[in-house]
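Participant: Before we start, here is the structure in question, set down as structure tokens.
A short reminder: the numbers here are calculations on the coordinates, not readings from a lab. The structure displayed is predicted, hence computed values, not measured ones. Here the Cβ positions follow ideal geometry from the backbone for every residue, glycine too, while neighbour counts run over all protein chains shown.
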Amino acid sequence: MTNEFRAGFVSFVGRPNVGKSTLTNALVGEKIAITSDKPQTTRRAIRGIVHLPEGQLIIVDTPGLHRPRTLLGQRLNDLVASTLSEVDVIGMCFPAGDKIGPGDRFINEQLGDYRRAKLVAIVTKSETVSREALANQLMEVSKLRDWAEIIPVSAIGGEQLGELTQLLLNLMPLSAELYPNDINTDESIESRICELIREAALEGVRHELPHSLAVTMDEMQKREDSDLIDIHANIFVERDSQKGIVLGKGGERLKDVGTRSRKEIEALLGSKVFLSLRVKIAHEWQRDPKRLGKLGF
């Protein structure tokens with residue numbers, strides 16, 4: 001191992017729910033990307049920085065590649081494509097307990113378009129299967145292409161995370177430090193708060209509603225003569241019926257979303273928070289270019 005400093009960018013790709021965001025958070029050592037079992041939870045390219053004595057690893061968490069059905073879906077795919085064209089390493093994630101299917105093969109074929117990056121296969125959720133099943137999955141993954149490396153990991157159990165970090169760093173170019181060593185992400189506090197609210201709102205909703213949820217912030221400021229921080233945010237949906245689902249009977253569900261997200265926000269800010277949430281309707285915003293722009297897409 002050389003003593004020279006290495007730094008570069010890696011992006012994790014894969015079908016929705018293969019564990020990309022959970023893996024990103026585990027490697028960075030801090031929650032910078034929200035997680036959910038709903039497809040297309042990640043909607044932006046979120047950068048997390050891993051600082052090591054011998055280098056710096058910038059992990060770019062992206063939306064899952066998919067066949068888009070809306071303008072939002074197409075824009076997310078475009079974001080993934082632009083990100084992958086610039087990173088040094090692409091890590092494709094395969095859950096240990098899922099058979100390789102058409103979605104995996106589709107994404108694997110797309111990787112051929114990104115000749116700049118070295119390609120690594122990561123078998124995630126290794127704690128969920130037996131050693132024999134894991135060995136079989138590693139063998140099946142190896143048949144897809146000639147990967148630079150193949151490695152199994154468990155983000156939940158913390159297994160092989162150090163090995164993965166070192167493996168990825170070894171594939172990075174020699175470089176000066178790319179980010180100050182006192183930050184773990186370049187995401188703004190406002191963006192992280194909106195994502196934490198959306199994460200709480202995603203809990204327990206089904207069908208098309210997860211795709212229809214978006215969160216914006218109107219205001220965040222510290223109260224005079226108090227440590228309390230006031231945050232006023234909006235949860236957008238596309239239809240009246242969806243507004244009713246988010247609110248819940250007597251507003252109970254929205255109250256629960258506020259309680260759970262406020263706990264995460266207070267942990268992020270290190271301060272007590274007064275959180276005001278309003279549910280608004282932006283009809284068919286996923287298909288409307290102007291509304292997409294206003295919502296940050």
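Participant: List every residue whose amide H lies under 5 Å from the amide H of Val123, counting only residues 5 or more places away in sequence or on a different chain, with H placed 1.01 Å from N in the peptide plane.
Facilitator: Phe94, Ile151, Val153
Participant: If you don't mind, another one. Give me a comma-separated list of calculated 3J(HN,Hα) values for region 214-231, in order, Karplus coefficients 6.51, -1.76, 1.60 applied at θ = phi - 60°, integers in Hz, x for any Gly or Pro.
Facilitator: These are the phi-based 3J(HN,Hα) values: 9, 10, 10, 10, 8, 7, 9, 8, 7, 5, 5, 6, 7, 8, 6, 10, 8, 10 Hz.
Participant: Give or take rounding to whole Å, what are the principal axis extents of the alpha carbon atoms in region 189-294, in descending order?
Facilitator: 43, 31, 19
Participant: So which residue, out of Gly101, Gly14, Gly244, gets the largest mean-square fluctuation from a GNM of the chain using Cα contacts under 10 Å as springs?
Facilitator: Most flexible of the set in this elastic network: Gly101.
Participant: Can you work out the base-10 log of I(q)/I(0) for region 6-170 at q = 0.15, 0.16 1/Å, using the Debye formula on its C-alpha atoms alone?
Facilitator: -0.76, -0.88
Participant: Another one. Considering only C-alpha atoms, what is the centroid distance from region 213-266 to region 92-141, in Å?
Facilitator: Their Cα centres are 37 Å away from one another.
Participant: Which of the residue pairs Lys125/Lys222; Lys20/Lys222; Lys20/Lys263 have a Cα-Cα distance greater than 32 Å in the structure shown?
Facilitator: Lys125/Lys222; Lys20/Lys222
Participant: Give me the distance between the Cα centres of region 269-297 and region 40-82, rounded to whole Å.
Facilitator: Taking the Cα centre of region 40-82 as reference, the centre of region 269-297 is 20 Å away.
Participant: Taking amide H atoms as placed 1.01 Å from N in the peptide plane, list the residues 5 or more away in sequence, or in a different chain, whose amide H sits under 5 Å from that of Thr185.
Facilitator: Excluding prolines and chain starts, which carry no amide H, the hits are Ile49.
Participant: Computed from the mean reciprocal separation of all distinct C-alpha pairs, what Kirkwood hydrodynamic radius does region 94-206 have, in Å?
Facilitator: Here the Kirkwood hydrodynamic radius works out to 17.0 Å.
Participant: Could I ask something else about it? Positive end of the dipole of the chain, charges at C-beta (+1 Lys, Arg; -1 Asp, Glu), about the Cα centre: which of Gly204, Phe12, Phe94 has its Cα farthest in that direction?
Facilitator: Looking along the dipole axis, the top candidate is Gly204.
Participant: A follow-up question, please. Using the Kyte-Doolittle scale, find the helices of the chain whose mean hydropathy is at least -0.5 and whose Cα atoms extend 15 Å or more along the helix's long axis, counting only whole DSSP H runs.
Facilitator: Within the chain the helices that satisfy the rule are 71-84, 131-142, 189-202.
Participant: Same structure, new question: With the chain treated as a Gaussian network of Cα nodes joined by springs under 10 Å, which of Ile58, Ile90, Ile151 yields the largest mean-square fluctuation?
Facilitator: Of the options given, Ile151 has the highest mean-square fluctuation.
Participant: Counting only the backbone N, which residues of region 70-107 are under 12 Å from the spot 7 Å out from the Cα of Ala148 toward its beta-carbon?
Facilitator: Once the point is set 7 Å along Cα→Cβ of Ala148, 87-92 turn out to lie under 12 Å by backbone N, inside region 70-107.
Participant: Pull up the DSSP beta bridges for the chain and report the antiparallel fraction as a percent, rounded to 5.
Facilitator: On the way: 18 of 49 bridges.
Antiparallel bridges: around 35 percent, rounded to the nearest 5.
Participant: How high is the relative contact order of region 189-294? Use alpha-carbon pairs under 8 Å, at least six apart in sequence, and give a whole percent.
Facilitator: Working: 155 pairs, mean separation 31.1, N = 106.
29 percent.
Participant: Given Lys249/Lys280; Lys31/Lys99; Lys99/Lys143; Lys243/Lys280, which pairs have Cα atoms separated by over 19 Å?
Facilitator: Lys31/Lys99
Participant: Turning to a different aspect of this structure: Within region 189-294, what percent of beta bridges assigned by DSSP are antiparallel, to the nearest 5?
Facilitator: 45
Participant: Once you've got the GNM for the chain with C-alpha springs shorter than 10 Å, pick whichever of Ala267, Ala96, Ala155 has the biggest mean-square fluctuation.
Facilitator: Comparing Ala267, Ala96, Ala155 in a Gaussian network model of the chain, the most mobile one is Ala267.
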